[in-house]
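Read the structure below first, then the notes.
Laboratory data are not the source of any read-out in this text; all were calculated from the coordinates shown. It should be emphasised that the depicted structure is a prediction, and the values quoted were computed from it without experimental measurement. Cβ sites come from the backbone with ideal geometry, for glycine too, and all protein chains shown count toward neighbours.
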Amino acid sequence: MKQKPNQLVKSLDKALKILELVAKNNKPLGVTEISRETDLNKSTVYRILATMEYRGYISQNSHNEKYTTGIKLFELGSQVIGDLDLREAVKPYLEELMDLTGETVHLGILDDGEVIYIEKVESPKTIRMYSKVGKRIYAHSTSLGKVLLAYSGEEKVDEIISEKGMPRQASNTITDLDNYKIHLRKVRKQGYAIDDEENEEGIRCIAGPIFDHRGKIAAAFSISGPAIRITRAKIEEFSSLVQNYSLKMSQAMGYNNQANSD
């Protein structure tokens, strides 16, 4: 059992206690039962349940007014399991890419309009880009983000840019939406994206897509490093490697390029 933190948020602790109780029970529970099992008064239990029902974590049966877990928990659980399966399936290929190129390789997904690193294989070289698993970055200015957006559809692109904007991260950042959409069409056509010092001065990256068994974009991977090593000529050299490993990793996720071809 973990030690109770000094800065415990009591209301959140109560909500999680209720959620765990409902989730562990095989039958729906009423307010009275939940109150008794959690040692919380009924009014508190009712308010917390109403809030979690609104958020989709709890569902109330309209006939007996008892509570079970909501679909939101299933969605979140599926996402976590999916991310773990993805990382496990493609990690050997990420390691191979790092061995072949000598540069840092990232795995990223799109989450709430941003790219989040979910795996990383670090370059052994002294000079390398700074990054860490769990870090969030803009989508519009990164090779990972370009790939993820290129295969997500124009409506998704509009939604994300409307919310997050297109702030200039470096001198080469594309900040015009019309030009950006033209750029994304090129990414989709060629099967990879390049960050030519667009997110960080002195850093170049090239990224490719990973598709799932349905042919949908699941993640993206990138080769990243200092521009003094990853020259434009080196990017051209890496492009065929990225396309090759894009297919390998997609197939590891159950993708069939013939069955899912347009």
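Roughly how big is the range 11-69's charge dipole about its Cα centre, with Cβ charges of +1 (Lys, Arg) and -1 (Asp, Glu), in debye to the nearest 20?
So the magnitude is around 20 debye.
Looking at the range 166-234, which GluC sites (Glu not before Pro) are in a loop (DSSP not H, G, I, E or B) and have at most 11 other Cβ atoms within 10 Å?
The qualifying sites are E201.
Place a +1 charge on the Cβ of each Lys and Arg in the chain and a -1 charge on the Cβ of each Asp and Glu, then give the dipole magnitude about the Cα centre in debye, rounded to the nearest 20.
Dipole about the Cα centre, nearest 20: 720 debye.
Given a Förster radius of 51 Å and the C-beta distance between S239 and K24 as r, what FRET efficiency does 1/(1 + (r/R0)^6) yield to the nearest 0.05? It would help to have the intermediate numbers written out before the result.
Details: r = 51 Å, r/R0 = 0.99.
Rounded to the nearest 0.05, the efficiency is 0.50.
Going by amide H atoms built from the backbone, whose H comes under 5 Å of the H on A227, apart from near neighbours?
For A227, the qualifying residues are I203, R204.
Per residue, how big is the convex hull around the C-alpha atoms of the chain? Give it to me in cubic angstrom, could you?
Cα convex hull per residue, to the nearest whole number: 191 Å³.
Helix-derived [θ] at 222 nm for the chain: sum -39500 (n - 2.57) over DSSP H runs of at least 4, divide by residue count, nearest 500?
Working: 8 runs with 122 residues, N = 262.
Taken over the chain, the calculation gives -15500 deg cm²/dmol.
On full extension of the chain, what length is gained from V133 through E155, given 0.36 nm per residue of separation minus the C-alpha to C-alpha distance?
Values: separation 22, 0.36 × 22 = 7.92 nm, distance 2.82 nm.
The V133-E155 span can extend by a further 5.1 nm.
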